[in-house]
Amino acid sequence: MKIVVIGATGTIGKAVATLLKEKGHEVIEASRSSQPSIDFTNASSIDQFYEKIGEIDAIVTTAGDAAFVALDGLTEEQIQLSLNSKLMGQINTVRKGLKYLRANGVAVITGGMLAYSPWPKTSMITMVNAGLEGFVKGAALDMTNGHRVVIVHPPWVAETAQKLGMDATPWPKAAKVAEAYLDAIEGTQNGAPVFVEGYLPA
Ligand SMILES: NC(=O)c1ccc[n+]([C@@H]2O[C@H](COP(=O)([O-])OP(=O)(O)OC[C@H]3O[C@@H](n4cnc5c(N)ncnc54)[C@H](OP(=O)(O)O)[C@@H]3O)[C@@H](O)[C@H]2O)c1
């Protein structure tokens, strides 16, 4: 399959791209710094990117920012960033990518377990992750041509926890998280959340 991974230089995206290549897929590793580049917060950047890469069998997004700030400290800018980046960036990437998706192709986006188990300071991240799950559920009903749309909800990733000085031992490595993306690509789910094995919602 010809698969584009948007966010391929990141912790999760790099592991997903590596696993997909190991499985024999052709992978286009994309981000704002790739060639061709894509900034999915910018609609014309998404269009130009797809025009350059042409038809694909799968779109994977492992990118997007959302604010990690307590509600009483949230600024308008942080709210807009959360909506424009992780939420609308992924939605627009799927929406605009459909016409480049071959028959039976799949779009896999990234949410996160905070949708199910929020922490303090995560109102924006929790809202965006839950909103993305709602998008996938509804969008699945509009799929034609055998297309599917799926959301992966990663838990904390060990490498990220380590970077933040947290205890990484309870969390899976990015390579393990990548298996959930492979499952979403090679499986039959449509409109459904996919979880990392052993990290299901309580
Ligand atoms: N890591 C975790 O523990 C964890 C857990 C649950 C959910 N998640 C979610 O998973 C996603 C990826 O997390 P991560 O930790 O792998 O992130 P990361 O290491 O910060 O990597 C982010 C990736 O996205 C690209 N990117 C950022 N903004 C972009 C934009 N506007 N357009 C296109 N590409 C963009 C970055 O490359 P450039 O800078 O070159 O554009 C990079 O490749 C995020 O949405 C995060 O919320 C992460």
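No value in this document is a laboratory result; all are computed from the given coordinates. From a predicted model like this one, the values you see are computed outputs, not experimental measurements. FYI the Cβ positions are ideal-geometry reconstructions off the backbone, even for glycines, and counts take in every protein chain you see.
Observations, loosely collected:
- Counted by Cβ distance under 9 Å from GLY191, the other residues give a net charge of +2, where Lys and Arg count +1 and Asp and Glu count -1.
- Links that overshoot a 19 Å alpha carbon limit, given the list LYS52/LYS137; LYS2/LYS99; LYS14/LYS163; LYS14/LYS176: LYS52/LYS137
- Length-normalised contact order for the chain - Cα pairs under 8 Å, 6+ apart - percent: 21 percent
- The C-alpha atoms of the chain define a longest principal axis, and helix 11-22 lies at about 30 degrees to it.
- When the chain is treated as a GNM with alpha-carbon contacts under 10 Å, the residue of THR41, THR188, THR110 showing the greatest mean-square fluctuation is THR188.
- Ellipticity at 222 nm from helices only: DSSP H runs of n ≥ 4 in the chain, each -39500 (n - 2.57), divided by the residue count, give -11500 deg cm²/dmol.
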